[in-house]
Amino acid sequence: GSARIARGYMKQRIEGLSNEELLRVPNGAENNVLWNIGHIVLSHFRLVYRPCGATVPVPETWNEWFLPGTSPDGW
């Protein structure tokens, strides 16, 4: 479905990026590329799994790193 298409698009966009590129904050963005990837993944799982009563399949620490209002500044 559409989630698979979105994941494929995201994978194509980030595949081959260096660590430096993943940690760069793009012009006009507030957070780096890696933070945005983590935020997208965490948000997807929270929106899909939690309403069904299922466990979100990412480590609990991801909430501290990727929820809205968090930042990679302390990484």
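Quick look at the numbers
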| read-out | value |
| --- | --- |
| Portion, in percent, of the accessible area of the chain that falls on carbon or sulfur, probe 1.4 Å | 55 |
| Check: the stretch 3-75 dipole with +1 on Lys, Arg Cβ and -1 on Asp, Glu Cβ, in debye | 420 |
| The chain: relative contact order in percent, alpha carbon pairs under 8 Å with at least 6 residues between | 23 |
| Reported label for calculated Rg/Rh (Cα atoms, Kirkwood Rh) given (i) 0.94; (ii) 1.15; (iii) 0.98 | (iii) |
| In degrees, nearest ten, helix 2-14 long axis to first principal axis of the chain (Cα) | 20 |
| Amide H contacts under 5 Å for Leu17, placed H, 5+ residues apart | none |
| Loop GluC sites (Glu not before Pro), the chain (other Cβ atoms within 10 Å of the site Cβ: 10 or fewer; DSSP) | Glu15, Glu30, Glu60 |
| 0 to 90° range, to nearest 10: angle between helix 33-49 axis and the chain longest Cα axis | 10 |
| Listed residues Asn31, Pro68, His44: farthest to the positive end of the dipole of the chain (Cβ charges) | His44 |
| Area accessible to solvent at Trp65, 1.4 Å probe radius, in Å² | 110 |
| Fully extended contour minus Cα-Cα distance, from Ile40 to Met10, at 0.36 nm per residue | 9.8 nm |
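The values are calculated or read from the model by the stated rules, or taken from the named source; none is laboratory data. Please read these numbers as outputs of a predicted model, since none were measured by experiment. All Cβ positions, even for glycine, are placed from backbone atoms using ideal geometry, and neighbour counts span all protein chains on display. These area figures cover heavy atoms from the full protein model, side chains too; ligands, DNA and RNA do not enter into them. Shrake-Rupley method; radii C 1.70, N 1.55, O 1.52, S 1.80 Å.
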